[in-house]
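The values are calculated or read from the model by the stated rules, or taken from the named source; none is laboratory data. If you're wondering where the values come from, they're calculated on a predicted model, not measured in any experiment. Positions of Cβ are generated from backbone atoms using ideal geometry, with glycine treated the same way; all protein chains shown enter the neighbour counts. Note: areas computed on protein heavy atoms with side chains; ligands, DNA, RNA excluded. Shrake-Rupley method; radii C 1.70, N 1.55, O 1.52, S 1.80 Å.
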Amino acid sequence: IVAIVEKAVSLPECRFTYSGKIYDSVSGSTLDRFNNISKLARVIGAHAIAMYSEGDIDGAIRASELGFRLADSLGEEQSIIGQEVRQVLIIRVARDLNYIVEHTSISVAQSKHLLDMLRTVDLDESSIKATLGERAFGLTMFEWQRRGLVASFEAKQNMTYFPKGRFLGSHIAAPFFYQQELAYLEMLSKQIELSHLPYRETRQTTLRMLK
């Protein structure tokens, strides 16, 4: 399995099967895909610890690097849940790597390699892309509801007409529904704006908004 993952992460376009349909992001197909990646990450983590236990520190570091690269395969994922899964994978790899480094002596060359590897981990840009993707997804959901459409995932993920949903697009409900849509857009626009700021400044701004 480890050899297969090593080959997969070396191929830029290698991804789990994914239809790309917008409503897949709230359906089982996407969740299954993330679950499979999570399982692979646990296998890679166990392999890293096994290499350390056998005294193969170079092998343990290579396995950790593989774990980071596996997580990075979600770097272009344009959904919040996709980036949350990626962050969890990175935390797991970092935890295993921290254990290895704390319990052994590594060379200067190994330290430099680790530093170079960690410098490639970037969460900011991918989080911004994910928020932009979520905004597009949310706008589609608002439009579907306005037209009385709902996604019937149980029925082979076909779109189903829901007459009562047309009320949201009526003259009576439309003003209130648009108000909710504008509030949603304002919230995500603010989140995107904050994402470009350093963490400390983002946190201070968020705390001020909550007061």
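If r is the Cβ-Cβ distance from Asp32 to Val108 and R0 is 45 Å, what FRET efficiency results, to the nearest 0.05?
Taking R0 as 45 Å, the efficiency between Asp32 and Val108 is 0.55.
If you stretched the chain out fully between Ala8 and Ile91, how much longer would it get, using 0.36 nm times the residue separation minus the C-alpha to C-alpha distance?
Result for the pair: 27.8 nm of gain on full extension.
Can you pull the accessible area of Asp58 for me, 1.4 Å probe, Å² to the nearest 10?
80
By how many nm would the segment from Lys190 to Tyr99 grow when fully extended, if each residue of separation counts as 0.36 nm and the alpha-carbon distance is taken off?
Stretched out fully, the Lys190 to Tyr99 stretch lengthens by 29.0 nm.
Heads up, I need the accessible area for Tyr99: 1.4 angstrom probe, whole protein in place, Å², nearest 10.
Spelled out: Tyr99, probe radius 1.4 Å, area about 100 Å².
Under the 0.36 nm per residue contour assumption, what length would be gained going from the current alpha-carbon distance of Arg147 and Ala183 to full extension?
Extra length available between Arg147 and Ala183 comes to 11.0 nm.
Determine how large the accessible area of Ile57 is when every protein chain is in place; take a 1.4 Å probe and give Å² rounded to the nearest 10.
30
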